[in-house]
Amino acid sequence: MTRRTVRIAMNGVTGRMGYRQHLVRSLLAIREQGGLDLGGGETVWPEPVLVGRREDALRDIARRHGLTEWSTDLDSVLDATGSGRVDIYFDAQVTPARPAALKRAIAAGKHIYAEKPTATDLAGALELARLADEAGVRHGVVQDKIFLPGLRKLKRLVDSGFFGRVLSVRGEFGYWVFEGDWQEAQRPSWNYRAEDGGGITVDMFPHWDYLLHELFGRVTSVFAQTATHVPQRWDERGAPYRATADDAAYAVFQLDGGIVAQINSSWAVRVARQELVEFQVDGVLGSAVAGLRHCRAQHRSATPRPVWNPDQPTTEPFGDQWQEIPDNDEFDNGFKAQWELFLRHVALGEPYRWDLLAGARGVQLAELALRSSAEGRRLNVPELTL
C-alpha cells in the first residue's frame, strides 16, 4: 500500500466549526481510518498544518491531537518549500479575513478549499473564482448540507421521481440564540455585527442556494424580508453591544420550472419542529419532510382527506400518516464526506462541481436578498459565468 501525504494548511481551526467539523470530524477521522483509500493500493494521508492568530490555542490543539506543525505566520506556511510545502490551503476564518488569505494562497499555487461565504460581496467572490481558474489550481467550497442523511434521503426521492412534478418547497431553520446576559450565547458575537461580516442572510442564504440548486433547480428570483429582532446582545466578555446585523430572514424564491420555495431563517425562534431545520416538499404524486437526519414521505395514494370544520376537534392523526424513509446506507459525517471528495479531486482529478463559482452563487443570492429587503421588491437572480 502506497501512502501519499497531502499537507493541508488549516486557517481558522481555533473556531468552533473549523476545529470540530473540519479538523476533528473530518481530517483526523480520515487519519483514524488509515487514510483515504484511492484504490489501486494507494491512500491519501492528510497532514494538517494549523494556522491562526492565537499561538496558545494552536499549541493546545496540536498537543491534544498529536500534531506537530502549527504557525501564526500564514505567509511562511504558504512560502515553505521542500518537505514543509503545503498542497492545500483551507480557510475557516471570519468572512472579512477570507478573501485576502485565499488570494495569497492562490498566488502561491495552492489548491483551495474554503468555508462560505467565500467573500463579502459578489465581485470579490467572482474574482477568487477567476484567479483560481487562471492559476490552474483545484478549488472547492464547503456545501455540507447536501451530505446530511435527511437531505440525501430527500435527494433519493427526487431522483426516483417520487414527487412527480414538484410544486413547492417550504423550509424552516433556526433556534433561539441566547442574548448572552444571563446565559452564554451559542454563537459568537461577531455573527450579530454587520461590520464584522455577521448576519443570518450572509450566513445561511449560501446554504439555501446550493441546497435548492442541487435538489430542485437554479434559483431565478428572490423576495426577502430581513429583521433584527433582538437589538441588544452581550458578548463573550459579558459586555452589552448593539446588534447591527439581521438575526432573521424570510424569503420566497422562484426556481427553474416554476417551483416556489419559501424558507424562514431565524436565530430568534423557539423550536417546535423535530429538527433544527426541516424542508417540506410537495409534488403532484407525493410529499416529504426532511431534516438533518430523518425524512418522512406521504404518497398520493396514502394522502388523507382533511375537511375544514372549526366546530369539531381534529381527529386525524396527521403526524402518524407519514412513512419514515429508511437509511438503506451508512451515512458518514457530511463535512468528512465532502473532504474525501475534494481530496480525491486533488489527487486523481475526479470531477468536482462545488467550486468557487458555486460559492459565488451563494454570495450572489445573499447579496440580492439583502437588497430585496432594503428595496421591498422581488429581484431576478442572473445566471453566473466567469
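No lab work stands behind these numbers, since they all come straight from the coordinates. Keep in mind the model is a prediction, meaning the values are calculated, not measured. Cβ placement follows ideal geometry from the backbone for every residue including glycine, while neighbour counts extend to all protein chains displayed.
Label zone of D329 (point 7 Å out along Cα→Cβ, amide N under 16 Å): in region 260-290 this covers 290. The GluC sites (Glu not before Pro) of region 308-353 meeting both criteria, a DSSP state outside H, G, I, E and B (loop) and at most 10 other C-beta atoms within 10 angstrom of the site's C-beta, are E330. Just checking the listed ones, A268, A80, A358: in the Gaussian network model of the chain with Cα springs under 10 Å, the one fluctuating most is A80. Need one word for region 216-304: rounded, prolate or oblate. Basis is the Cα gyration tensor (sqrt eigenvalues a ≥ b ≥ c); a/c below 1.5 gives rounded, then a/b vs b/c decides. Cα axes put region 216-304 in the oblate bin.
Checking every one of the trypsin sites (Lys or Arg not before Pro) in region 249-311 against DSSP loop status and a limit of 15 other Cβ atoms within 10 Å picks out R270, R273, R293. Total lysine pairs in the chain at Cα distances under 22 Å, for residues eight or more apart or on different chains: 9. Which one, T228, T72, T315, has the greatest fluctuation when you compute a Gaussian network model over the chain with C-alpha springs under 10 angstrom? The residue that fluctuates most here is T315. I'd like the orientation of helix 122-135 relative to the chain: the angle between its Cα long axis and the longest Cα principal axis, in ° from 0 to 90, rounded to 10. Around 50 degrees separate the two axes. Using a simple spin-label model with pseudo-atoms 7 Å out from Cα toward Cβ, A97 and Q321 lie 5.3 nm apart. Treating region 33-86 as a set of equal point scatterers at the Cα positions, no solvent, please give the Debye-formula log₁₀ I(q)/I(0) at q = 0.20, 0.22, 0.24 Å⁻¹. Taken in order of the listed q values, log10 I(q)/I(0) reads -0.80, -0.88, -0.95. Using θ = phi - 60° in the Karplus curve 6.51 cos²θ - 1.76 cosθ + 1.60, the 3J(HN,Hα) couplings for region 211-219 round to 5, 5, 4, 5, 8, 10, x, 5, 6 Hz; x is entered for Gly and Pro. The percentage of C-alpha pairs in region 268-308 whose separation is greater than 10 Å is 75%. The stretch between R293 and L276 holds 5.1 nm of extra length on full extension. This uses 0.36 nm per residue minus the Cα-Cα distance. Comparing R371, R64, R361 in a Gaussian network model of the chain, where Cα atoms under 10 Å apart are tied by springs, the biggest mean-square fluctuation is seen for R64.
For region 335-384, what class follows from the C-alpha gyration tensor (a ≥ b ≥ c being the square roots of its eigenvalues): rounded when a/c is under 1.5, otherwise prolate if a/b is larger than b/c, else oblate? Here region 335-384 falls in the prolate category. Across region 167-175, coupling constants 3J(HN,Hα) worked out from phi with the 6.51/-1.76/1.60 Karplus curve, θ = phi - 60°, read 9, 7, 10, 10, x, 10, 10, x, 6 Hz, and Gly and Pro carry x. Taking 0.36 nm per residue of separation and subtracting the current Cα-Cα distance, fully stretching the chain between T2 and R353 would add 123.6 nm. Could you give the angle, 0 to 90 degrees to the nearest 10, between helix 98-107's Cα long axis and the longest principal axis of the Cα atoms of the chain? Helix 98-107 sits at roughly 50 degrees to that axis.
With the simple spin-label model, which puts each label point 7 Å out from Cα in the Cβ direction, the R378 to R170 separation comes to 1.9 nm.
Residue separation of Q262 and R104 scaled by 0.36 nm, minus their Cα-Cα distance, works out to 53.1 nm of gained length. Relative to the longest principal axis of the Cα atoms of the chain, helix 356-375 runs at roughly 50 degrees.
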